[in-house]
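Have a look at the structure below, then the notes.
The values are calculated or read from the model by the stated rules, or taken from the named source; none is laboratory data. These figures come from a predicted structure and were not determined experimentally. Cβ placement follows ideal geometry from the backbone for every residue including glycine, while neighbour counts extend to all protein chains displayed. Keep in mind that these areas ignore ligands, DNA and RNA; they rest on the heavy atoms of the full protein, side chains included. Shrake-Rupley method; radii C 1.70, N 1.55, O 1.52, S 1.80 Å.
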Amino acid sequence: MPPRKEVVRKVFIVGLTVAAALALGGGLWFGATAGKTSADTKIGPTYGVSLDVPGGWIGQIYDGNRGAPPPHAFLQATSYTGAGPDVLTVEDDAAAQVGERMGPRDIVILLWETGGGGGDTYAPLEGAPAITQGDFSPIEGFAHPVAGILFTTQGRFFDLLVEFGGEFGTPPDSTQLDNANDVLATLRVEPRS
């Protein structure tokens, strides 16, 4: 068995390598401690999309096309941090897993870029997107109230879903809706290069 000092050194090197790979890989991760906020807390810009998140939130942006051209931004951000920063992954069901665990005041924001079309109507967006009480509808696979909009901006097309903790079928109160819209107000989308 190698000496303890050598084992600790190897674990440190492996940990440093994994951290570097995550930082340089497909998405940018951010994890913060609850109660600490900073105006400079941001995920992205990655794939031409960025979002400022409050302290205590976690988020990531990755290529929703998983390497196939063109890259499409997929953003996930949540106030739920009960399972640590690894609760959000590039797996398709990560947001569903967060939804199953989140508390009544938690929020999950999902934004994914599409190619447009498909019979869907994407409304031109000026400024930042915002969720209203009229945007809520039951969506299969979500256990809590969820609101969605489709929009186009900077020549790009996006689907936005916001899931709110709370009882299914009961829209969030105005404070929780305002909290989500405050975060969405910081969304920045660059034109496709």
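Miscellaneous remarks
- Flag for E100 being of a type outside the set (A, V, I, L, M), closer than 15 Å to E163 by Cα, open to solvent by 50 Å² or more (accessible area, probe 1.4 Å) and modelled with pLDDT under 90: yes
- Among the numbered conditions (1) over 22 Å from Y80 (Cα atoms); (2) among the charged types (D, E, K, R); (3) open to solvent by 60 Å² or more (accessible area, probe 1.4 Å), the only one that D178 does not meet is (1).
- Condition check for T121: modelled with pLDDT under 95 and touching a Leu at 6+ places or on another chain (Cβ under 8 Å): yes
- When residues of the range 108-167 are limited to those that are acidic (D, E) and over 26 Å from T81 (Cα atoms), the one surrounded by the fewest Cβ atoms within 10 Å (Cβ to Cβ): E126
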